[in-house]
Structures are given as structure tokens and as C-alpha cells.
Amino acid sequence: MKTLRRNALSGYSWLMLVFLYLPILILVLYSFNDSRINATWTGFTWKWYVSLFENRQVMQALMNSMTIGVISSVIATVLGTAAALAVKHYSIRWSNIFNGLMYLPIVIPEIMMGLAMLVLFSQVQMELGKVTLILAHVTFSMPYVMVIISGRLADMGKELEEASQDLGATPWETLRYVTLPLIMPGIIAGFLMAFTLSLDDFIISFFVAGPNSTTLPLYIYGLVKRGVSPEVNALSTLLIVSTVLLVVVAEIFRRKDSKNNQSIF
Amino acid sequence: MLNKKPVKLLALPALLWMGALFVLPMLMIAVLSFLKRGTYGQVVYEFTLNNYIRIFDPLYGQIFWDTLVVAVLTTVFSILCGYPLAYYISRLEKSTQQIWLLLVMIPFWINFLVRSYAWVIILRSQGVINTFLQSLGIISEPLPLLYNSGSVLLGMVYTLMPFMVLPIYVSLEQMDRRKLEAAYDLGATPWKAFWHVTLPMTKTGVVTGSILVFVSSIGMFVVPDVMGGAKSALIGNVIQNQFLSARDWPFGSALSIVLMLLSMLLILLYFRATKASETKEGSA
């Protein structure tokens, strides 16, 4: 009876894993299918990927995504790290208030954040484009950077910083030579996470992008609305592969020399 | 408070940023929802309650209702899919646990749009399932698997389920196992022990996961847009439409304010309900 229950549970869990991965695997598989029109497998081909790299619009969207991703995640990482360092020194009451404000964007429906920013940019008469995308991406990724770095800081304890100050280091010296090197893996993980969020974002970008600032997910959306095609599969596959790589590398950095192995969320 | 240590000032840039790009725009939406729309889609600065009155139009009432039904069903199915999975993971060895957690987390990071599109490939009339069944001769006409409310629900559960697994896993991990052993020692069957000990003790995880799934599904417009037909539009689609096509920003703002208040209210009720049943069990 006990083993039966265990097997049922394990079978159910594997089934869930299949449910999570099968659609993605099918999408990837069909990006290598020679046939354009239907789901029948007619042979292996790289041609859809080749045609992507020859497509100027795709390359432009890729460039846009990269530029916006790098710039927004650098800003989000700097601001998020600074905030996490400061909040550590706040009293419990103030840090709760501050964290509450910072984490609010995580629990507000994304669509609201997108349209709120659209309203803001149009009120201050900013032209929608790369700049507005960068501003928006910093706003939704900064909280995630803060979560990761705060975790790292909590993990580190106070002893080393106190020792450094006892030895006569100024607060800035302690920050520069003790704290920052210790939380560096967290900073890198935060940066990678912010970059992934930016690269992947569709909903908020959808509201604040202009005609010349199409990012990869926005370009994919345009294609998806026109129907299924092997090019969309190929482009989606590229996005999936880069997201997965980034997330795994970020996880490795976040767990590096850290006692806290809890998966972030 | 801020003068004692200069380090404390480091939060200022982030605070200003969030104030200007998050709090301020949210307030703007609140204000906008009480203004009028001009003939050409511009905003007229005159106070009105009409946007809110319009929401009571049965057309929007129906869409709000549909959205709530889909969100509740998505949450329920996510618990049914996610709880056993989280339970299984929490019973594995530590090193295997980490791999499973990563495996559950990875799809969560993959784009919503791409994951909904993956289902279109499978479910559409010339899709994987229909082609397969037709080649076997089981069906002659393709089944209408896509563009209905069932496919929207499937897509929602698929994209949001990982939100449920991790919080439940965390609460299962933090659970005091000795209470479970005590229940067994007192002669409880495994089902009884689960129902009366494990489940109540992991309620926090279920509540957190439910809130994450519910909030995400209530504002979702990507899944219904890609996997749903014209009839399965949810409130997210209506809001998107008011902002981008109909250009009625005041009405779109009012809709989104109501959506936000509604989701906050339901979260509050949910908290109350679980709290109440907790104290009831505590006294029993």
C-alpha cells in the first residue's frame, strides 16, 4: 500500500514535469522541421535559423533587446545593490516599509504597470522608444535585484563588517574592501536576472515601445498573431535557449559560497 | 534616522526611481479614471464618474465575471497540479531536490508568449494532435481544440503553475515533521495525517501560491490573446484594447483600478477565510 502510494505520487510528479516540458520540446523540435505548412515531420533542416540571421528586422530586434537589456540591467543592479546595502541598516519598521514599496511591483498585475508607465510617458510627452523601454525595464527588474542581494547580505552576517570597522576602516573602506567583494556573486546573479527579465519581457514592453524599438518578444508577438510558422519556432527556440542559459548561470552565481540554497522566486 | 550613517542614503536613488516611475504613474491612472475622453481620444480634464458607471454595463460585468471564473479555476487547478509535485520534491534527497526545483523553475522564466505559442502548435487544427489523430484515421475532421475557454484555462494553468509549486515546497520544507510522526503514533492513517496535519500546516504556502497565481491570471491578456477566440476575451484584453485601439484611456484606467481593487479585496477575503479556519481548528 505504501509503495503503491509512493509510486502514484512519483508518477504524477513525472507527469507534471512532462506537462511542463513537452510543449516546449515540441516547439523546439518543429523549428528543425523541413515542412513549412503542417505538423508532419518531413526532415531535419537548419534553414529556418539561417533565414533568421539573414532577416534584417530580426537582427534589429535582437540588437534592440541586447542594448535595452544591458543598459537597463546595469542601472537596475547599481540601484538595487545600493538600496539593499542601505536597507540592511534600517530599523525593522523602516525596512518593512521600504521593502513593501520596493516589492509592490512584483504583486501588481503586470498589465497595470505597463499602462501606468504609458500614461506617465505620454503625460510628460516623452516619445516612446528605447529610452522609455529602458526606464520601464529598470523599474520592474530592480525589485528582483534587491531580493537577491538582500538575501546575500543577510547570509553574510555582520561579523566581518564589524571586524573591519574595529580595525579602523571607514564605512566606505569597509564597503569597498569587505562587503562588496563578499556579495559579488549575488550582484552578478542579480545582474543576470535583471538581464533575463528584460530580454524576456513582453507585457510591459508592449505598452511602452515605439515603432523603431521593437524587441525580440514584441517581434515574436507580431509573427504569432499572423499564425504558426517555422521561423517563429526558430526565433522562440533561440529566446528559450538564451533564457535557460542565463537563468542557470545566475543560479550558479547566486548559490556560490552561499549557505542559503533556497531557490529564489 | 538617515543622518547617523551615510550608508543609509544609498537607498535614495532607488526610492526616487520607484516614486517617479511606479508610484506616480499609479496615481496618474487613479486620477485619469475620473476624467473624460475627448472626441479624438484625447483626455479632457473634467471630473466625471461615468467611467465607473459604464463598468456596470452587463457587457463588462460578464467579462469581469468570466475573468474571475478563469482566475479561480486556474488557481484551483494549479493547486491540484502543484501540491503533489511540491510534496514529492520535498520528500526527495537534498541534492535531487535542487535539480527538481531548477526543472520546475526553468519553464517559469521562459516567456509567456512563447509558452502559449507552443500550445498553438500542438492544438491548432493542423497541429500535432489533430495531424496525429487524422493520420491514424481516428478522426476525419480536425477537432476544435484551440480558441475556446478550455484552451485558455489550459494555457493559464500551464504558464502559472510554477508559481504554486515553490511556495508550497518552501512551507513543506519548514514544516515540523515531529507533529506528523505524533499523528502516526496516535494511529492516524496516512490520508488522515495528511488531511489533518500536513495540509493545515502548509496553508501558508498554498495561500502565497494562490495569491501569486490569482494576481497573475486576473490581469493576463497574452494567453487569451494567443490561445483564445473572440469570445474568450478577459478583462486584460479589454483594458489593452481601451489603451491601444479604442483610445479611451480614462475608461481603461477605471477598468484597471476596479481590477486592482477587486484582486486586493479577494486576496484579503482569502486571507480572512484561511485565518478563520485556522483559529477554528486551533480551538477544536
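What the table below lists for this structure:
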| item | result |
| --- | --- |
| Degrees, to the nearest 10: A:216-226 long Cα axis against longest axis of chain A | 30 degrees |
| Cα long-axis angle, helix A:110-123 against chain A (0 to 90 degrees, to the nearest 10) | 80 degrees |
| Helix-only [θ]222 nm of chain A, DSSP H runs n ≥ 4, -39500 (n - 2.57) each, per residue, nearest 500 | -25500 deg cm²/dmol |
| Portion, in percent, of the accessible area of the protein assembly as shown that falls on carbon or sulfur, probe 1.4 Å | 67 percent |
| ³J(HN,Hα) computed for each position of the range A:28-35 - Karplus, 6.51 cos²θ - 1.76 cosθ + 1.60, integer Hz, glycine/proline x | 4, 4, 6, 6, 9, 7, 5, 7 |
| Chains B and A together, accessible area buried on both sides, 1.4 angstrom probe, square angstrom | 8300 Å² |
| Close Lys-Lys pairs in chain A, where close means Cα under 27 Å and separation is 8 or more or interchain | 7 |
| By accessible area with a 1.4 Å probe, ligands and nucleic acids excluded, highest first: order of B:THR202, A:THR67 | A:THR67, B:THR202 |
| Cα Rg, Dmax, the range A:55-255, angstrom units | 19.2, 66 |
| Stretchable slack from B:ILE99 to B:ILE138, in nm (0.36 nm times residue separation minus alpha-carbon distance) | 10.1 nm |
| Distance in nm between pseudo-label sites at A:ILE97 and A:THR170 (7 Å out along the Cβ direction from Cα) | 3.0 nm |
| Relative contact order (percent, whole number), the range A:55-255, Cα cutoff 8 Å, 6+ residue spacing | 35 percent |
| Residue of B:TRP249, B:TRP17, B:TRP195 that the Gaussian network model of chain B assigns the largest fluctuation, springs spanning Cα pairs under 10 Å | B:TRP17 |
| Cα centroid separation - the range B:97-156 against the range B:45-87, whole Å | 23 Å |
| Three-way shape call for the range A:91-197 based on the alpha-carbon gyration tensor, with the a/c threshold at 1.5 | prolate |
| B:ARG272 versus A:TYR21: modelled label distance in nm, points set 7 Å from Cα along the beta carbon direction | 4.4 nm |
| The range B:1-81: Cα Rg divided by the 2.2 N^0.38 Å rule of thumb | 1.79 |
| Share of Cα-Cα pairs in the range B:59-283 lying beyond 29 Å, as whole percent | 40 percent |
| Spatial separation of Cα centroids for the range A:1-64 and the range A:137-166, in angstrom | 37 Å |
| Candidate residues B:ASP185, A:ASP34, A:ASP201: accessible-area rank, largest first, probe 1.4 Å | B:ASP185, A:ASP34, A:ASP201 |
| Karplus 3J(HN,Hα) series, Hz, for the range A:85-93 with 6.51 cos²θ - 1.76 cosθ + 1.60 (x for Gly, Pro) | 4, 5, 4, 4, 8, 7, 5, 4, 4 |
| Under the Karplus curve 6.51 cos²θ - 1.76 cosθ + 1.60, θ = phi - 60°, whole-Hz ³J(HN,Hα) for the range A:137-146, x wherever Gly or Pro sits | 5, 4, 4, 8, 9, 4, x, 5, 4, 4 |
| Contour minus Cα-Cα distance for B:GLU173 and B:GLN42 (0.36 nm per residue) | 41.8 nm |
| Amide H partners (placed H, <5 Å) of B:ARG37, local residues excluded | B:VAL44 |
| Residue of B:LEU160, B:LEU199, B:LEU186 that the Gaussian network model of chain B assigns the largest fluctuation, springs spanning Cα pairs under 10 Å | B:LEU186 |
| Where the protein assembly as shown is the region considered: accessible area per residue in Å², 1.4 Å probe | 47 Å² |
| Helical mean residue ellipticity (222 nm; -39500 (n - 2.57) per DSSP H run of 4+; nearest 500) of chain B | -22500 deg cm²/dmol |
| Helical segments meeting 24 Å axial Cα length and Kyte-Doolittle 0.0 threshold in chain B (DSSP H) | B:58-90, B:149-174, B:249-283 |
| Cut-off 14 Å, label 7 Å out along Cα→Cβ of A:GLN123, residues of the range B:13-32 by amide N | B:19-32 |
| Span from the the range B:232-252 Cα centroid across to the the range B:169-192 one, whole angstrom | 48 Å |
| Selected from B:SER125, B:SER151, B:SER216 as most flexible by GNM, with chain B as the system and alpha-carbon contacts under 10 Å | B:SER125 |
| Nearest-10 value in Å² for the accessible area of A:MET66, using the 1.4 Å probe | 80 Å² |
| Where GluC sites (Glu not before Pro) in DSSP loops with at most 14 other Cβ within 10 Å are excluded, longest remaining stretch of chain B | B:94-284 |
| Accessible area (Å², 1.4 Å probe, nearest 10) - B:ARG247 | 110 Å² |
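The values are calculated or read from the model by the stated rules, or taken from the named source; none is laboratory data. Keep in mind that this is a model prediction, so the values were computed, not measured. Every residue, glycine as well, gets a Cβ built from its backbone with ideal geometry; the counts of neighbours run over all protein chains shown. For the accessible areas, the whole protein counts, side chains as well, though only heavy atoms, and no ligand, DNA or RNA atoms are used. Shrake-Rupley method; radii C 1.70, N 1.55, O 1.52, S 1.80 Å.
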